[in-house]
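A short reminder: the numbers here are calculations on the coordinates, not readings from a lab. Remember, it's a predicted structure, so these values are computed and weren't measured experimentally. As a convention, Cβ positions derive from the backbone with ideal geometry for all residues, glycine included, and neighbour counts pool all protein chains shown.
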Amino acid sequence: LSRSTAGLSSSNNPGGINAAAPGVPVWGPDVSGSSAFETWGPGEVVDLEAGKVIQKVPVGKEPEGVGLTPDGKHVYVTSEADGAVTAVDTLKLTAAEKIDTGQRPRAVLFTRDGKLGFVTNEASGTVTVLDAAVHRVIAHVAVTLSAGLPQRPMGAVLSPDDKKLFVSSGRGGAVAVI
């Protein structure tokens, strides 16, 4: 583990970040409300000498969560203000599809085989299940916690076998299991 750090010039308010295998760019949203999505990678979209982002792909308002499909072909970016997630083609660097989710989508992740995606929707208390191959909604699942706890799904992680989804409730102080 290296103790040295280096910085890349970015937006004035970078949000979540996601990376995959070597050769796949690192992705991070600009959450400053500029409706732009930034891609960072090994020489493809970042001028490493200058240390700054040189490519932006428009997505919805208030981008926050970032999830890269296991095959690296698409990155999904949540847009909190729009209640949607945008699938971005990582080769063309263009928006492939905008998908309506719930209110204030926060996190997005995928099963290891890349067939299903999950989006946590903080303000609507749901998780949107996606067919990642065709960028379509399969279902909206209500997140249920103990009585009196706010259902505000934020972060999520899948079990190693992809059979359970653990969803954090932020200040609700609990984790739901789907």
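Points to keep in mind about this one:
- Pairs exceeding 25 Å between alpha-carbon atoms, taken from 73/98; 56/98; 61/92; 92/164; 98/163: 92/164; 98/163.
- For residue 132, distant residues with modelled amide H under 5 Å away: 116, 117
- Where labels lie 7 Å past Cα in the beta-carbon direction, separation of residue 98 and residue 112 in nm: 3.6 nm
- Over all other residues within a Cβ to Cβ distance under 11 Å of residue 167, the charged ones net out to +2, with Lys and Arg as +1 and Asp and Glu as -1.
- Take 71-82, 112-123 and order them by the average number of nearby Cβ atoms within 10 Å per residue, most first; the result is 71-82, 112-123.
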